Amino acid sequence: MSDPLFIYLIVALNIGVQLMLIRSLRFPPGARRKFYWLALGIPLSIMAIMRLLIAVGAINNRMAEQSVAEAAITAAAGIIMMAGPWFVTLFAIVNPARREWIRKLRAETDEAV
């Protein structure tokens, strides 16, 4: 298997793990979908943008032949592809609407949620 396929596999597994983590959180009805789309959309859009930049010739596809600016763009894109779903999960955890909904739910049921 080639290196790009390994990278895509690692990114896909990372997205899958983050989607499972988001799924385990309690949300108001319909609010979870926004975080699913963000966790999936950020890495996929970065992949598409990088492939487009390579296809039009703005960035060289070989790391050894890239200029300093091209290497910096490639490195930043790789970081965003991996860290994007993590940040979406973090934002889902600290989401004020979710916290308020859980607080209201706890007050209504008088039990630990």
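Bear in mind that the values in this text are calculations on the coordinates, not laboratory data. Computed from a predicted structure; not experimentally measured. Don't worry about glycine lacking a Cβ; one is built from the backbone with ideal geometry, like all the others, and counts go over all protein chains shown.
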Filtered residues of region 1-19 (kept if more than 12 Å from the chain's Cα centre (by Cα) and of a type outside the set (Ser, Thr, Tyr)): Met1, Asp3, Pro4, Leu5, Phe6, Ile7, Leu9, Ile10
Every residue from region 72-90 that is more than 21 Å from Ala12 (Cβ to Cβ) and loosely packed, with under 15 Cβ neighbours inside 10 Å: Ala72
Test set (1) farther than 30 Å from Trp101 by Cβ; (2) among the small types (Gly, Ala, Ser); (3) surrounded by 14 or more Cβ atoms within 10 Å (Cβ to Cβ) - Ala31 fails condition number: (1)
Lone unmet requirement of (1) surrounded by 11 or more Cβ atoms within 10 Å (Cβ to Cβ); (2) within 30 Å of Arg103 (Cβ to Cβ); (3) out of contact with any helix residue (DSSP H, G or I) (no Cβ under 6 Å at 6 or more places or on another chain) for Met47: (2)
Matching residues in region 49-68 - criterion: being of a type in the set (Val, Ile, Thr) and under 20 Å from Ile80 (Cα atoms): Ile49, Ile54, Ile59, Val68
Glu108 being farther than 29 Å from Arg23 by Cα, among the acidic types (Asp, Glu) and out of contact with any His (no Cβ under 7 Å at 6 or more places or on another chain): no
Residue match in region 41-56 (condition: in contact (Cβ under 8 Å) with a residue 40 or more places away in the chain and not acidic (Asp, Glu)): yes
Selection from region 1-18 of residues that are surrounded by fewer than 17 Cβ atoms within 10 Å (Cβ to Cβ) and either in contact with an Asp or Glu (Cβ under 6 Å, 6 or more places away or on another chain) or not small (Gly, Ala, Ser) (or both): Met1, Asp3, Pro4, Leu5, Phe6, Ile7, Tyr8, Leu9, Ile10, Leu13, Val17
